[in-house]
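Undergrad: Right, I'll just put the structure down here and ask away after.
The values are calculated or read from the model by the stated rules, or taken from the named source; none is laboratory data. None of the values given here were measured: they were computed from a predicted structure. Backbone-built Cβ (ideal geometry, glycine too); neighbour counts: all protein chains shown.
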Amino acid sequence: MTAVVHYALEKAGVQLREVPRPVDLAEDEVLLRSEAVGICGSDVHQFHNTQSWRVNVPVILGHEFSGTVAEVGKSVKGFKPGDRVTSETAARICGHCLYCRSGEYNLCPERLGFGYGLDGAMAEYVKVPARCLHRLPASVTFEKAALTEPCCVAYNATCVKTHFRPGDSVLVLGPGTIGLLCLVLARLAGASWLGVAGLKQDRQRLEMAQSLGANSILDKSAEENMQVIRSFGDGMGVDVVVDASGHSSALQFALAAVRPGGQITKVGWGPQPLNFSLDPLVQKAARIQGSFSHHYRIWEKVIALLASGRLDPTPLIHRVEPLANWKVCFEEMHSGEAVKNVVRPSAVSAGAF
């Protein structure tokens with residue numbers, strides 16, 4: 001079968017290659033026919049070898065996916081060939097640590113994810129532990145379901161780790177997929193004012209943020225952006241800042257923008273050193289909270305929102321392409337032309353969504 005393989009830890013160390021179809025299912029595994037795979041910013045980072053996490057090369061990319069059950073292991077219950085499903089990303093967990101036993105297996109120290117630790121779904125077939133699977137309602141297309149994973153990342157950051165009340169003001173830093181989904185979920189949760197900050201080259205993404213409900217777009221210098229923050233409300237800052245950028249300068253801006261007693265939730269990754277003081281965090285008695293990944297209950301909440309239509313990530317999708325066109329999809333996301341592209345490993349030509 002054909003797959004997008006990260007074969008070497010070097011720039012452009014990713015190729016379309018022929019690889020064996022997965023065999024020898026474990027008793028608790030399912031063989032999934034991969035129908036739609038969202039391209040994540042982390043996939044693009046791995047293509048450019050700028051990731052800040054360990055990658056077990058060679059590995060098939062793709063951790064945002066949906067598909068059809070093709071085969072089931074001997075002990076699998078509740079799933080059968082033909083079922084439409086989407087999958088979580090925790091491909092391997094220990095199963096016995098405190099976090100696994102209490103349902104927070106996303107924090108398991110032995111966790112490995114699809115696409116960097118184990119083979120992912122940018123191939124016709126992928127092996128998945130049955131515990132990772134969630135059924136898809138008939139109203140949720142494969143392409144929409146491929147965005148369940150980033151929706152869950154945003155849900156965890158915005159609606160679980162962050163605590164705000166209807167009427168609070170929320171500023172999102174970084175108009176990528178996660179930032180835009182945090183914006184949508186904050187609006188659903190009752191935020192009264194929504195701001196999104198980005199760079200000048202993020203113009204198209206910032207326009208999308210406005211169409212998704214942002215009240216203010218911040219794309220000037222840090223000082224000019226702070227003037228916008230100071231002109232809002234009582235001038236003391238915003239209740240909540242969600243840092244979906246990951247760059248150290250974004251966190252520094254978050255410290256300046258958050259109001260005394262406010263919250264900062266950091267969901268964006270970035271390897272840069274801080275090189276600034278955290279004293280404003282102390283002075284403001286603000287709280288900073290990290291947010292990573294997701295777990296079963298979050299997935300069920302998000303799938304219910306997708307099925308109801310209250311959460312619709314499809315406006316973020318720029319194009320849906322067969323797997324052979326993976327490279328143009330990566331390039332468009334790297335340049336900022338696209339927020340999200342989706343590939344169809346089982347498709348011969350591009351599909352509609």
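Undergrad: Among the residues of segment 1-33, write down those that are surrounded by 19 or more Cβ atoms within 10 Å (Cβ to Cβ) and more than 22 Å from GLU331 (Cα to Cα). Spell out the reasoning first.
TA: So the first thing to find is which residues in segment 1-33 are surrounded by 19 or more Cβ atoms within 10 Å (Cβ to Cβ), and the list is 3-6, 14, 22, 29-32.
If the condition is that a residue be surrounded by 19 or more Cβ atoms within 10 Å (Cβ to Cβ) and more than 22 Å from GLU331 (Cα to Cα), then PRO22, GLU29, VAL30, LEU31, LEU32 are the ones that fit.
Undergrad: Follow-up. Which of the numbered conditions does GLY120 fail, given that it passes all the others? Conditions: (1) in a loop (DSSP other than H, G, I, E, B); (2) farther than 26 Å from ALA338 by Cα.
TA: With respect to (1) in a loop (DSSP other than H, G, I, E, B); (2) farther than 26 Å from ALA338 by Cα, GLY120 is out only on (2).
Undergrad: Given the conditions (1) more than 24 Å from LEU316 (Cα to Cα); (2) buried (at least 21 other Cβ atoms within 10 Å of the Cβ), and given that PRO129 satisfies all but one, which numbered condition is not satisfied?
TA: Answer for PRO129: the failing condition is (2).
Undergrad: Please work out if THR86 is touching a residue at least 24 places away in the same chain (Cβ under 8 Å), in contact with a Ser or Thr (Cβ under 8 Å, 6 or more places away or on another chain) and among the β-branched types (Val, Ile, Thr). Write out each step before concluding.
TA: Numbers: touching a residue at least 24 places away in the same chain (Cβ under 8 Å): yes; in contact with a Ser or Thr (Cβ under 8 Å, 6 or more places away or on another chain): yes; among the β-branched types (Val, Ile, Thr): yes.
Yes.
Undergrad: Please verify whether segment 274-296 includes one or more residues that are closer than 19 Å to ALA222 by Cα, in contact (Cβ under 8 Å) with a residue 60 or more places away in the chain and in contact with a Leu (Cβ under 8 Å, 6 or more places away or on another chain).
TA: No, segment 274-296 contains no residue that is closer than 19 Å to ALA222 by Cα, in contact (Cβ under 8 Å) with a residue 60 or more places away in the chain and in contact with a Leu (Cβ under 8 Å, 6 or more places away or on another chain).
Undergrad: Quickly run through segment 129-146 and pick out the residues that are within 9 Å of SER66 (Cβ to Cβ), out of contact with any helix residue (DSSP H, G or I) (no Cβ under 6 Å at 6 or more places or on another chain) and part of a loop (DSSP other than H, G, I, E, B).
TA: Quick first cut of segment 129-146, residues within 9 Å of SER66 (Cβ to Cβ) only: 136, 140-146.
The next check asks that each one be out of contact with any helix residue (DSSP H, G or I) (no Cβ under 6 Å at 6 or more places or on another chain); those that pass are 141-143, 145-146.
Matches in segment 129-146: THR141, ALA146.
Undergrad: So how many residues does segment 170-190 have that are at positive phi and surrounded by fewer than 24 Cβ atoms within 10 Å (Cβ to Cβ)? It would help to see each step written out before you state the result.
TA: Residues of segment 170-190 at positive phi: 174, 190.
Okay, now just the ones that are also surrounded by fewer than 24 Cβ atoms within 10 Å (Cβ to Cβ), so 190.
Residues in segment 170-190 being at positive phi and surrounded by fewer than 24 Cβ atoms within 10 Å (Cβ to Cβ): 1 in total.
Undergrad: Going through segment 79-93 one residue at a time, which ones are part of a strand (DSSP E or B) and of a type outside the set (D, E, K, R)?
TA: If the condition is that a residue be part of a strand (DSSP E or B) and of a type outside the set (D, E, K, R), then VAL85, THR86, SER87, ALA90, ALA91 are the ones that fit.
Undergrad: How about segment 100-122: which of its residues are buried (at least 17 other Cβ atoms within 10 Å of the Cβ) and over 20 Å from the mean Cα position of the chain (by Cα)?
TA: Correct list: CYS100 only.
Undergrad: Quick check on segment 135-169: of everything there that is at pLDDT 95 or above and in contact with an Asp or Glu (Cβ under 7 Å, 6 or more places away or on another chain), which residue is surrounded by the most Cβ atoms within 10 Å (Cβ to Cβ)?
TA: Among those residues, the one meeting the criterion is ALA146.
Undergrad: Separate question: Are there any pairs, at least 6 apart or on different chains, whose C-beta atoms fall under 7 Å, with the first in segment 338-351 and at pLDDT 85 or above and the second of a type in the set (S, T, N, Q), and if so, which?
TA: So the pair list comes out as VAL339/THR177; LYS340/THR177; PRO345/SER34; SER346/SER34.
Undergrad: Residue by residue through segment 48-69, note down the ones that are surrounded by fewer than 16 Cβ atoms within 10 Å (Cβ to Cβ) and among the aliphatic types (A, V, I, L, M).
TA: Of everything in segment 48-69, just one residue is surrounded by fewer than 16 Cβ atoms within 10 Å (Cβ to Cβ) and among the aliphatic types (A, V, I, L, M), namely VAL57.
Undergrad: For segment 190-209, give me each residue that is of a type in the set (S, T, N, Q) and over 20 Å from the mean Cα position of the chain (by Cα). Show your work before the answer.
TA: Going through segment 190-209, the residues of a type in the set (S, T, N, Q) turn out to be 192, 201, 204.
Selection gives SER192, GLN201.
Undergrad: Another question, if that's okay. Mind checking whether some residue in segment 267-274 is at pLDDT 90 or above and within 21 Å of the chain's Cα centre (by Cα)?
TA: Pass one, segment 267-274, residues at pLDDT 90 or above: 267-268, 274.
Imposing the further condition that a residue be within 21 Å of the chain's Cα centre (by Cα) reduces the set to 267-268.
Yes, that holds for at least one residue.
Undergrad: How many residues does segment 222-239 contain that are surrounded by fewer than 18 Cβ atoms within 10 Å (Cβ to Cβ) and under 27 Å from the mean Cα position of the chain (by Cα)?
TA: Matching residues across segment 222-239 total 1.
Undergrad: With the requirement that a residue be touching a residue at least 12 places away in the same chain (Cβ under 8 Å) and out of contact with any Gly (no Cβ under 8 Å at 6 or more places or on another chain), what does segment 20-38 give you? If you could, list the steps in order and put the result at the bottom.
TA: Going through segment 20-38, the residues touching a residue at least 12 places away in the same chain (Cβ under 8 Å) turn out to be 20-22, 25-38.
PRO20, ARG21, PRO22, LEU31, GLY38, listed by residue number.
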